[in-house]
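J.: Quick one: the structure is below, questions incoming.
Readers should treat all values here as calculations from the given coordinates under stated rules, not as data from a laboratory. What you see is a predicted model, and the numbers here were worked out from it, not measured in a lab. Note: ideal-geometry Cβ built from the backbone for every residue, glycine included; neighbour counts use all protein chains shown.
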């Protein structure tokens with residue numbers, strides 16, 4: 001049965017086109033995906049992300065449990081409010097899910113995991129928690145709104161209680177502040193600055209309306225996808241899954257090989273680090289006309305692979321993709337488009353970040 005967020009009626013009243021997304025009835029756009037994309041890149045847009053799963057981890061062993069559960073090290077989280085992005089792995093080093101961990105207080109953490117993986121994530125987390133003195137609590141009574149764009153933070157800060165505004169303005173990246181019932185985190189999934197707001201579900205419609213009143217425009221999942229791909233951000237189930245390690249997904253930076261920490265999957269990743277991962281994720285641009293899509297075959301000097309995430313980039317005016325191929329040279333990269341092999345140009349990720357096109361992305365000279 002398809003589930004609905006607390007803002008479902010608001011989306012429908014605004015004329016949103018609704019689609020099934022991981023079992024949730026969600027807005028894909030409100031009239032123009034392209035305009036919503038540009039709204040976020042140039043000003044401020046908001047997304048209903050209440051389908052995401054919030055899980056609170058509390059107890060005497062919460063810290064030790066998370067040192068075991070995730071590949072990044074929660075030892076980095078020294079002050080309440082700090083956060084980190086990481087992956088939760090299986091014993092083979094494959095990605096069960098990617099998530100954000102927030103340190104709220106000693107013995108208190110918050111995880112935000114993907115909607116489509118909710119059931120398996122909760123099953124895995126609870127199974128791993130059985131050996132620790134922790135309490136795992138899903139928080140379905142909470143809603144989430146992501147406000148993203150160069151003007152997003154200023155719009156949100158102006159709606160906070162006056163005594164919280166100065167602190168919110170100074171909030172660093174990957175950090176959160178609790179303002180009454182609202183959890184204000186300087187995180188996001190668009191490559192733009194902004195906040196992700198978590199609040200009691202019965203306050204979500206009021207927040208949505210107040211944000212709209214100060215010029216923050218609704219954006220759907222379509223724009224969210226093109227924005228995150230331009231920013232080189234992985235989508236679970238498309239760019240990585242339980243058969244792919246973080247090192248094969250371009251996420252080596254999310255793994256901490258700190259001494260003495262036996263996180264799940266560590267031994268496999270250590271072997272890949274020493275001998276090299278068998279596959280690699282690369283960014284590519286197609287200078288010819290056409291669109292790159294998930295599942296298209298590619299080939300290069302190192303062998304055959306496939307397009308993972310692909311789309312037409314509204315910011316670049318070109319097709320872009322993240323691609324997985326065997327480790328080795330990517331010279332001669334081509335994609336099969338309806339039986340015709342078309343040349344691709346490899347580029348370093350991200351394609352776009354905070355409204356700026358990365359060097360070399362629009363340069364037709366082949367990258368090396």
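J.: Treat each spin label as a single point 7 Å out from the Cα along the C-beta direction, and report the residue 275 to residue 201 distance in nm.
T.: About 4.9 nm separates the two model spin labels.
J.: Now for a different question. Restricting to Cα atoms and excluding each atom paired with itself, what does the Kirkwood estimate give for region 99-203 in Å?
T.: 15.1 Å
J.: Let me ask another. How do 340, 353 line up, fewest other C-beta atoms within 10 Å first?
T.: Exposure proxy ranking, most exposed first: 340, 353.
J.: Could I ask something else about it? Sorted from fewest to most neighbouring beta carbons within 10 Å, what does the list 322, 144 look like?
T.: Going from least to most buried by this count: 144, 322.
J.: Could you state the per residue volume, in Å³, of the convex hull enclosing the Cα atoms of region 113-162?
T.: 141 Å³
J.: From the square roots a ≥ b ≥ c of the eigenvalues of the alpha-carbon gyration tensor of region 152-217, which class results: rounded (a/c under 1.5), prolate (a/b over b/c), or oblate?
T.: It is rounded, given that a/c, with a ≥ b ≥ c, falls under 1.5.
J.: Specify whether the C-alpha gyration tensor of region 205-339 places it in the rounded, prolate or oblate class, a ≥ b ≥ c being the square roots of the eigenvalues: rounded for a/c under 1.5, otherwise prolate if a/b is larger than b/c and oblate if not.
T.: oblate
J.: Here is a follow-up. Distance between Cα centroids, region 164-240 to region 260-328: provide it in whole Å.
T.: Between the Cα centre of region 164-240 and that of region 260-328, the gap is 27 Å.
J.: Still on this structure, I have one more. How much length, in nm to one decimal, is gained on full extension between residue 243 and residue 137, taken as 0.36 nm per residue of separation minus their Cα-Cα distance?
T.: 35.4 nm
J.: Here's a follow-up. Less than 17 Å from a label point 7 Å out along the Cα-to-Cβ axis of residue 363: which backbone N atoms in region 278-315 qualify, by residue?
T.: Only 283-287 fall inside the zone, counting backbone N under 17 Å.
J.: Right, next: What is the distance in Å between the Cα centroid of region 118-152 and that of region 12-44?
T.: 24 Å
J.: Hey, how much of the P(r) for region 1-145 falls beyond 22 Å, as a percent of Cα pairs?
T.: 47 percent
J.: Another one. Over region 318-368, one equal point on each Cα, no solvent: what is log10 I(q)/I(0) by the Debye formula at q = 0.18, 0.23, 0.28 Å⁻¹?
T.: The computed values of log10 I(q)/I(0) come out as -0.66, -1.01, -1.29.
J.: Give me 253, 208 sorted ascending by neighbouring Cβ count inside 10 Å, so fewest comes first.
T.: Ordered by Cβ neighbours within 10 Å, fewest first: 253, 208.
J.: Relative to the compact-globule scaling 2.2 N^0.38 Å, provide the ratio for the alpha-carbon radius of gyration of region 278-368.
T.: Cα-based Rg divided by the globular estimate yields 0.99.
J.: Let me have the 222 nm mean residue ellipticity of the chain computed from DSSP H runs of 4+ only, each contributing -39500 (n - 2.57), with the sum over all residues rounded to the nearest 500.
T.: -6000 deg cm²/dmol
J.: Sticking with this structure for a sec: Considering the convex hull of the alpha carbon atoms of the chain, report its projected area averaged over all viewing directions, in nm², one decimal.
T.: Its Cα hull, projected and averaged over all orientations, spans 18.5 nm².
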